[in-house]
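Okay, so here's the structure we're looking at.
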Amino acid sequence: DYVVVKMIPDNRLPPRHLHSVHTGKTFAVIKWESPYDSPDQDMLYAVAVKDLVRKTDKIYKVKTRNSTVEYTIKKLEPGGKYHVIVQLGNMSKESSMKINTVPLSAPDALKIITENDHILLFWKSLALKESNFNESRGYEIHMFDSLMNITAYLGNTTENFFKVSNLKIGHNYSFTVQARCLYSGQMCGEPATLLYDELGTGEDSSAAKAARSTDVAAIVVPVLFLLLVTLGIGFVVLYMRHRRLQNSFTAFANSHYSSRLGSAIFSSGDDLGDEDDEAPMITGFSDDVPMVIA
């Protein structure tokens with residue numbers, strides 16, 4: 001024997017398993033399940049979105065018969081903080097959660113140019129890759145002194161460069177540039193960080209090492225190449241001189257070779273010029289001496 005029992009749906013129960021599926025810069029996808037399985041009629045949900053930064057509320061209505069509901073909340077702000085509440089339209093018990101949207105990206109290509117008494121920070125415009133960023137919002141710049149362990153706010157600008165003065169010799173600094181924070185610093189962009197030491201390199205540590213290794217390679221390789229070329233030329237010159245001396249000696253030896261004796265005869269040089277020494281020296285002629293021609 002058996003009996004079929006059908007439970008009466010309780011519309012006072014809260015939605016189940018409310019969670020975030022995906023969060024972007026300006027939207028969030030949330031998901032939940034109905035208060036009970038297999039609803040037999042359309043259910044009306046109220047989705048309340050409270051902006052914890054701006055202190056504003058928005059309510060959206062969702063009507064569906066599905067047991068699993070997925071909903072996309074749009075028109076959110078990058079780096080915002082929100083409190084989401086989902087409940088049935090009859091104001092039953094609620095399910096809630098908090099979501100944080102993705103902040104704006106960090107500015108690209110942050111560089112430092114060193115001048116005589118100051119430095120200049122340069123970066124690419126954030127509007128090139130962020131459609132939600134307006135240049136009128138501007139950027140803010142912070143500096144961290146590792147020696148003094150102090151972080152300072154340097155100011156903000158709507159340009160793509162910033163001048164920094166009064167840096168102390170022997171101090172290492174870290175500069176950060178980000179989209180300007182809104183609403184008392186609660187909605188900020190991701191910071192771009194650059195290390196700077198007292199030598200004025202203005203490079204990131206890893207980038208500095210790579211740059212130094214590249215510079216060393218750029219110097220060593222040409223020097224080694226020039227040394228190899230010089231050595232090669234030196235060997236060629238020595239070889240040519242050796243061949244020339246060898247040919248000269250062979251020619252000299254052949255010119256003194258006696259086929260009768262079967263060997264080369266070389267003079268010691270003692271008897272060279274004897275006849276010239278014994279011959280009388282010819283002097284000039286005098287006008288009073290008659291010249292006889294036979």
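Quick one: accessible area per residue over the range 108-196, 1.4 Å probe, rounded to a whole number of Å²? Write down the numbers at each step before the final one.
Values: 5050 Å² over 89 residues.
Accessible area per residue: 57 Å².
Would you please put 145-158, 60-73 in order of how densely packed they are, using the mean number of other Cβ atoms within 10 angstrom per residue and starting with the highest?
Going from most to least packed, we get 60-73, 145-158.
What does the C-alpha gyration tensor say about the overall shape of the range 16-100? Classify as rounded when a/c is under 1.5, otherwise prolate if a/b is larger than b/c, or oblate.
On the way: a/c = 2.30, a/b = 1.79, b/c = 1.28.
Judged from the Cα gyration tensor, the range 16-100 comes out prolate (a/c at least 1.5, a/b above b/c).
Which peptide among 123-134, 160-171 comes first, and what is the full order, when sorted by highest mean count of other Cβ atoms within 10 Å? Working shown, then result.
On the way: 123-134: 15.1, 160-171: 12.3.
For the peptides 123-134, 160-171, the packing ranking is 123-134, 160-171.
Leaving out ligands and nucleic acids, and using a 1.4 Å probe, what accessible area per residue does the range 16-100 come to in Å²?
Details: 4840 Å² over 85 residues.
Value for the range 16-100: 57 Å² per residue.
How large is the charge dipole for the range 108-196, taken about the Cα centre, if only the Cβ atoms of Lys, Arg (+1) and Asp, Glu (-1) carry charge, to the nearest 20 debye?
Working: 7 positive and 9 negative charges, 7 e Å.
Here the range 108-196 has a charge dipole of around 40 debye.
For Lys111, list the lysines whose Cα falls under 30 Å from its own Cα; do not include residues on the same chain fewer than 8 positions away.
Lys25, Lys124, Lys129, Lys163, Lys168, Lys209
Distance between Cα centroids, the range 80-150 to the range 5-52: provide it in whole Å.
31 Å
Residues with beta-carbon under 12 Å from that of Tyr71, excluding Tyr71: net charge, scoring Lys, Arg +1 and Asp, Glu -1? Working shown, then result.
Values: positive: Lys31, Lys61, Lys63, Lys74; negative: Glu70.
That works out to +3.
The values are calculated or read from the model by the stated rules, or taken from the named source; none is laboratory data. A quick note: this is a predicted structure, and the numbers were derived from the prediction, not measured. Ideal geometry is used to build each Cβ from the backbone, glycine not excepted, and the neighbour counts take in all protein chains shown. Just the protein is used for accessible areas: all its heavy atoms, side chains included, with ligands, DNA and RNA removed. Shrake-Rupley method; radii C 1.70, N 1.55, O 1.52, S 1.80 Å.
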